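Taking it in order: structure first as structure tokens, then the write-up.
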Amino acid sequence: GLDGCGKSTQMELLAAGLRERGYVVLVTREPGGTVLGEAIRDVLLDPRYHGMSARAEALLYAAARAHLVRQVIRPVLEDGQVVLCDRYLDSSLAYQGYGRGLGIEDIITLNVWATECLFPDLTLFLDLDDTLCSERLTAVPDRLEAEDEDFHRRVAEGYRELLTLHPHRIRRVDARGTEAEVQERVRAVIEEELELFSH
């Protein structure tokens with residue numbers, strides 16, 4: 001979802017719930033999750049680089065993702081752990097594919113190569129009105145948060161379009177309400193799709 005939708009909080013609550021049920025859970029984020037990834041994150045979000053070309057931005061996200069998958073996600077999955085990632089491929093599709101106007105075909109091709117075809121079992125789209133998202137942001141905006149309303153509108157529309165294109169993999173969660181109310185909706189979707197809360 002958009003920045004300010006509550007995804008980081010909901011991911012931590014979900015991780016805690018899964019751990020209570022005996023799962024070993026890795027929580028990571030994008031861009032980031034590795035020393036290299038965090039360095040790339042610093043570049044991507046630094047307002048000094050306002051005006052970065054859309055293609056350079058997409059390549060930097062893919063580079064951070066490629067390293068995270070190779071160094072962290074694949075080994076953890078092979079060990080039987082659950083991975084929760086704050087952003088992944090669908091964020092690139094929404095932000096660079098739709099928000100930057102690069103189109104989803106090239107973004108998919110780039111990321112299939114970068115991740116060696118590692119796609120999530122399930123993507124949760126925390127859907128919250130972009131005005132409410134903006135109101136929740138209290139810190140100095142980073143380079144992407146500082147983009148204009150039209151950009152954020154295109155990103156939100158992109159997420160909703162992805163929902164219709166990939167209903168087998170992406171699920172919408174209404175992000176309005178209290179943290180507990182949203183978490184209840186998150187867990188309901190997880191249980192319906194992956195049955196992780198049934199034992």
Restricting region 90-125 to residues that are under 19 Å from Leu14 (Cβ atoms) and under 10 Å from the mean Cα position of the chain (by Cα), the one most open to solvent (accessible area, probe 1.4 Å) turns out to be Leu124
Working only within region 7-30, note down all residues that are part of a helix (DSSP H, G or I) and basic (Lys, Arg). Lys7, Arg19
If we keep just the residues of region 126-136 that are acidic (Asp, Glu) and exposed (fewer than 14 other Cβ atoms within 10 Å of the Cβ), which is modelled with the highest pLDDT? Asp129
(1) among the hydrophobic types (A, V, I, L, M, F, W, C); (2) at pLDDT below 95; (3) touching a strand residue (DSSP E or B) at 6+ places or on another chain (Cβ under 6 Å) all hold for Ala139 apart from (3)
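Being part of a helix (DSSP H, G or I), touching a residue at least 24 places away in the same chain (Cβ under 8 Å) and surrounded by fewer than 16 Cβ atoms within 10 Å (Cβ to Cβ) is the filter here; which residues of region 49-62 pass it?
Tyr49, Ala54, Arg55, Leu59
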In the set Gly4, Gly33, the lone residue that is assigned to a loop (DSSP other than H, G, I, E, B), in contact with a helix residue (DSSP H, G or I) (Cβ under 8 Å, 6 or more places away or on another chain), on the phi > 0 side of the Ramachandran plot and surrounded by fewer than 22 Cβ atoms within 10 Å (Cβ to Cβ) is Gly4
For region 56-108, what are the residues that are among the hydroxyl-bearing types (Ser, Thr, Tyr) and out of contact with any strand residue (DSSP E or B) (no Cβ under 8 Å at 6 or more places or on another chain)? Tyr61, Ser91, Ser92, Tyr95, Tyr98
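On the basis of being closer than 27 Å to Glu147 by Cβ, among the β-branched types (Val, Ile, Thr) and open to solvent by 20 Å² or more (accessible area, probe 1.4 Å), does Val27 make the cut? I'd like the intermediate steps shown before the answer.
Values: closer than 27 Å to Glu147 by Cβ: yes; among the β-branched types (Val, Ile, Thr): yes; open to solvent by 20 Å² or more (accessible area, probe 1.4 Å): yes.
Here the answer is yes, as Val27 does meet what is asked.
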Within region 184-199, work out how many residues are farther than 15 Å from Gly1 by Cα and in contact (Cβ under 8 Å) with a residue 40 or more places away in the chain. 8
For His152, only one of the following conditions fails: (1) crowded, with 19+ Cβ neighbours inside 10 Å; (2) more than 25 Å from Pro47 (Cα to Cα). What is its number? (2)
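The values are calculated or read from the model by the stated rules, or taken from the named source; none is laboratory data. The model shown is predicted, which means the values in this text are computed figures rather than measured ones. Every residue, glycine as well, gets a Cβ built from its backbone with ideal geometry; the counts of neighbours run over all protein chains shown. To get the accessible areas, we keep the full protein, side chains included, count just its heavy atoms, and leave off ligands, DNA and RNA. Shrake-Rupley method; radii C 1.70, N 1.55, O 1.52, S 1.80 Å.
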